[in-house]
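Trainee: This is the structure I have questions about; it appears just below.
The values are calculated or read from the model by the stated rules, or taken from the named source; none is laboratory data. Computed from a prediction, not measured in an experiment: that's the story for all the values here. All Cβ positions, glycine included, derive from the backbone under ideal geometry; neighbour counts span all protein chains shown.
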Amino acid sequence: MRITSKGQVTIPLAIRQQAGLMPNTDVEFTYENATVRIAPSNPDRPNSRGSQIVARLAGTGDFGGLTTDEIMAMTRGED
């Protein structure tokens with residue numbers, strides 16, 4: 001296997017499946033004792049992209065006391 005000039009490499013399908021590396025999976029690289037390791041990112045890690053998005057959006061939804069059913073009815077155009 002060869003690394004491209006852009007630093008890219010194709011992970012064989014069997015390895016991706018065994019490791020649970022599906023398309024759009026965020027991954028982390030670590031380097032220890034001359035070994036590079038790739039693993040799925042921990043979504044509960046405080047600095048993960050998902051955690052940052054949730055933190056940024058937390059408390060921004062003010063719907064004036066409407067219930068979920070009322071909001072859903074409004075999005076469907078129901079009266």
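Trainee: Looking for something among the charged types (D, E, K, R), loosely packed, with under 10 Cβ neighbours inside 10 Å, over 12 Å from the mean Cα position of the chain (by Cα) and not in a helix (DSSP H, G or I) - is there at least one such residue anywhere in the range 46-58? Break it down stepwise before answering.
Mentor: Initial filter on the range 46-58 (among the charged types (D, E, K, R)): 49, 56.
From what is left, the residues that are loosely packed, with under 10 Cβ neighbours inside 10 Å are 56.
Retained after the next criterion (residues that are over 12 Å from the mean Cα position of the chain (by Cα)): 56.
Filter again for not in a helix (DSSP H, G or I), leaving none.
No, because not a single residue in the range 46-58 is among the charged types (D, E, K, R), loosely packed, with under 10 Cβ neighbours inside 10 Å, over 12 Å from the mean Cα position of the chain (by Cα) and not in a helix (DSSP H, G or I).
Trainee: Moving on to the next point. Would you point out the residue of the range 13-35, among those that are part of a loop (DSSP other than H, G, I, E, B) and surrounded by 10 or more Cβ atoms within 10 Å (Cβ to Cβ), that is modelled with the highest pLDDT?
Mentor: Looking at the filtered set, the residue picked out is Leu21.
Trainee: I would also like to ask the following. Is it the case that the range 61-71 has a residue that's free of Cβ contacts under 8 Å to residues at least 12 places away in the same chain and in contact with a helix residue (DSSP H, G or I) (Cβ under 9 Å, 6 or more places away or on another chain)?
Mentor: Yes: the range 61-71 contains one or more residues that are free of Cβ contacts under 8 Å to residues at least 12 places away in the same chain and in contact with a helix residue (DSSP H, G or I) (Cβ under 9 Å, 6 or more places away or on another chain).
Trainee: Return the residue satisfying two criteria in turn: it lies in the range 49-75 and is modelled with pLDDT under 80 and of a type in the set (D, E, K, R), and of such residues it is farthest from Gln8 (Cα to Cα).
Mentor: Asp62
Trainee: Checking the structure you have, find out if any residue of the range 37-48 is touching a Phe, Trp or Tyr at 6+ places or on another chain (Cβ under 8 Å), at negative phi and at pLDDT below 95.
Mentor: yes
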